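First up is the structure itself, then whatever we jot down about it.
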Amino acid sequence: MNKDKLELLKNWEFKYSAYGLTLNTCYFDDETIAPKNGQDYRYARLAFMAGERHKIATDPEVGKLLKELKDDDLDEVNKRKVSLLIKNFEDMSKIPQKEFEEYTALTLKSSAVWQEAKKRADYSLFAPYLADLIAYQKRFAAYRNPQIAPYDVLLDDYEEGMTMADYDQFFELLKKEIVPLLHDVQKAKAIDDSFLYLYYPRQKQLLLMEKIKDVLGFDASWGYMGESMHPFTCGFSQDDVRVTNAYDEHNIAAAIYSLVHEVGHAYYEHQIDKDYAGTVLKNVSSGMHESQSRLLENYIGRRKKFIASFYPELVKIFPENLGDVSLEAFWAAVNVAKPSLIRTDADELTYPLHILIRYEIEKRLFNGELDTKDLNKAWNAYYKEYLGIEVPDDARGILQDIHWSQGDFGYFPTYALGSAVAAQIVHKMAEDIDIDDSIDSHISKITDYLGKHIQHYGALYPLQELLEKTSGEKFNPQYYIDYLKTKYRKLYNLD
Ligand SMILES: [Zn+2]
């Protein structure tokens, strides 16, 4: 009976999500508060736990069940669930258990090595681990789908349906439009943003974060904010979403916009249909997820109206730095575009160029055109070419991001994709509601809108389908280009 089979599936989902919760809690703990010297003990057991979960994922019984369900007459939700689970099952089953455990142990170790290498600004420490991670990922991709280029297999993991051919076209367009716009901006009169980089003690920044959390509606009933080297979001369930932030005492905008960004992710996790809790429908693709964090960070967070919601508090906390700085001047400063070294601190205009560089490097690493040895030199050459800047050391160069150390390849392109998808959603949202009018002491009208039109669906639809449903149109990067051109031509008086 169909009903019995769905009940069995539910039991399996519960068991699998219980392991997921345990592992995620440990990962969050490891990134935030766990003492460094306990790593070896923790990692050995975490690798074991990941292996146990892998066994549940690849249990032949569940494989059989999914195959039977596939032929049944299912509703839309269960149909999508089963199709996603079958793909996961097949992918996982093709990777031998032992290799999977070895790989998990390697990612944990290489993350720790990356941290150390970054601290010492020495890429050579990390290079052999990067080579191993790529070798594993190439091998896994070949097990999973030998007909397709390994990098395409990985791109699809993060954004269903996206391939190198799609991204090549997308990044070509960005390069063609953004590079000349950036040159025009650089020739224009510079905007003063020096006050952003004065001394802003961490303790006082924390006070400001409380105010911004209030405006965003990120409250303790469902959200928690911790601290880590690299801000991230972890959605344990719809009503338990953890974000982290990082504080640079000489850059006040960094913590503000990291928080808004991560809360954008947090809202997605929070507003997914509660019926999807603990199921595969909670696994939203990276590009869609990023569209919601970028939307809050840039399209809402960098508006004058949003800044006005916390600016008086900000001036009150840091009168010595901002007492003489007008809202108008602060707003212009957080929207300044200029080439910089660090992706996470980059402005909206140069950000996609940071991603373009990572995409080109990953693609060439996987098709064998680039080697991990001396990859820092290739990295530096790209930064010179696209952003016109010299990279002073590996910490501010190739070692700045955590992703590769965790074995995440094919993930970066979704960041640029997310920004572009956000532009399309905002365009539609502006037709439906008055965005500036929806921002005062809170932004619930905006978060409700996103919940209803996007986030609620979870992973029920792939990106293209969801965009068509929401905006009436498939993905169209022209909205993003138009947005960037309009915004920066106006801000820098280019017309
Ligand atoms: Zn993000």
Shape box of the stretch 385-495 [Cα atoms, principal axes, largest first, Å]: 47, 42, 32
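What number results when the radius of gyration of the chain, computed over Cα atoms, is divided by 2.2 N^0.38 Å? Intermediate values should be presented prior to the final figure.
Working: Rg = 22.6 Å, N = 495, 2.2 N^0.38 = 23.2 Å.
Computed over Cα atoms of the chain, the ratio equals 0.97.
Just to confirm, what accessible area per residue do you get for the stretch 2-93 at 1.4 Å probe, in whole Å²?
Values: 5620 Å² over 92 residues.
About 61 Å² of surface per residue is accessible.
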Percent accessible area from carbon and sulfur atoms, the chain, protein chains only, probe 1.4 Å: 52 percent
Size of the stretch 2-93 as Cα extents on the principal axes (Å, biggest first): 53, 21, 19
Hull-based mean projected area of the stretch 275-375, where the convex hull spans the alpha carbons, in square nanometres: 11.0 nm²
10 Å binning of all Cα-Cα separations within the stretch 128-268, expressed as whole percents from 0 upward: 10, 23, 23, 31, 13, 1
Unsatisfied cross-links (Cα-Cα over 18 Å) in the set Lys15/Lys282; Lys81/Lys274; Lys189/Lys487: none
Å² of accessible area per residue within the stretch 220-365, as computed with a 1.4 Å probe and no ligands counted: 30 Å²
Whichever aspartates and glutamates have a C-alpha closer than 19 Å to that of Lys55, once near sequence neighbours (fewer than 8 apart) are set aside: Glu13, Glu90, Asp91, Glu99, Glu101, Glu102
Among 146-155, 420-429, the order from most to least packed when residues are scored by Cβ within 10 Å on average: 420-429, 146-155
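Can you list which of the GluC sites (Glu not before Pro) found in the stretch 366-444 are DSSP loop residues with at most 12 other C-beta atoms within 10 Å? Working shown, then result.
Numbers: sites: Glu369, Glu385, Glu390, Glu431; in loops: Glu369, Glu390.
In loop regions of the stretch 366-444 (DSSP not H, G, I, E or B), the sparsely surrounded GluC sites (Glu not before Pro) are Glu369, Glu390.
The values are calculated or read from the model by the stated rules, or taken from the named source; none is laboratory data. Fair warning: this is a prediction, and the values are worked out from it, not measured in the lab. Heads up, the Cβs are rebuilt from the backbone with ideal geometry, glycines too, and the neighbour counts pull from every protein chain shown. For the accessible areas, the whole protein counts, side chains as well, though only heavy atoms, and no ligand, DNA or RNA atoms are used. Shrake-Rupley method; radii C 1.70, N 1.55, O 1.52, S 1.80 Å.
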